[in-house]
Amino acid sequence: MATTHGLVQIHSAPSALCPHIDWAVGGALGVPVRLSWSSQPAARASYRAEYSWTGPLGTSAKLASALKGWERLRFEVTEQATLRSEAVRYSYTPSLGIFSATLGLHGDVMINEARLRAAVVREALGGKSLHDAVNDLLGTAWDDELEVFRQAGDGADVRWLHQVV
């Protein structure tokens, strides 16, 4: 069985949810896990944690499934590429739900040609604009919502922009 490595990034979770997240991550990995929680300055009374894991291919999907759907939880799970698989990332926010993407060598979201062609056809038939469809395929809304939590997690100052002129 091929194995890979990955990272679970809990960007924000209320304190009451932290032990449940430990349990869910451990359950998906098949081993007890105790995450190291720290304060998340981007959300009041919220915590963040990261956990590097090793497991069989598809473990990231298992982890994302175990975590999705919880109120006030924001997370990302990544899985590295192997000779048998491509890299993937799952992003989750309570307001947007889950997003998954295949990642290229440098972390770029890769969109396959069938999905691009479908977006072009939908626009031609009067549907969503190609610009909006590509943003959806890239997960732009998830990146926009998670970015402040990613930055705050790196120890950077949090700057809320309410209006840009």
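Determine the dipole magnitude for the chain: charges of +1 sit on the beta-carbon of Lys and Arg, -1 on that of Asp and Glu, nothing else is charged, the reference point is the Cα centre, and the result goes in debye to the nearest 20.
The calculation lands at about 360 debye.
Please work out, to two decimal places, the log10 of the ratio I(q)/I(0) at q = 0.15 Å⁻¹ from a Debye calculation in which every Cα of the chain carries one identical scatterer.
Listed by q, the Debye log ratios stand at -0.88.
Which net charge results for the neighbourhood of N135, defined as the other residues with beta-carbon distances under 12 angstrom from its beta-carbon, given Lys and Arg at +1 and Asp and Glu at -1?
That sum, taken over residues with Cβ under 12 Å, equals -3.
Among A118, L57, G139, whose Cα sits farthest toward the positive end of the charge dipole of the chain (+1 at Cβ of Lys/Arg, -1 at Cβ of Asp/Glu, about the Cα centre)?
L57
All other residues with a Cβ under 13 Å from the Cβ of E76 taken together, and with Lys, Arg as +1 and Asp, Glu as -1, what is their net charge? Mind showing how you got there, number by number?
Working: positive: R48, K68, R74, R89, R150; negative: E50, E79, D143, E145, E147.
The answer is 0.
If you take every residue apart from P94 with its C-beta less than 11 Å away from the C-beta of P94, what net charge results, scoring Lys and Arg +1 and Asp and Glu -1?
+1
So what is the calculated 222 nm ellipticity per residue for the chain, using -39500 (n - 2.57) for each DSSP H run with n of 4 or more, over all residues, to the nearest 500 deg cm²/dmol?
-10500 deg cm²/dmol
Which one of A87, Y47, A28 is farthest out on the positive end of the charge dipole of the range 3-153, using unit charges on Cβ (Lys, Arg +1; Asp, Glu -1) and the Cα centre as origin?
Comparing the listed Cα positions along the dipole, A28 ranks first.
Read-outs: derived from the displayed coordinates by stated rules, not from any lab. If you're wondering where the values come from, they're calculated on a predicted model, not measured in any experiment. Ideal geometry is used to build each Cβ from the backbone, glycine not excepted, and the neighbour counts take in all protein chains shown.
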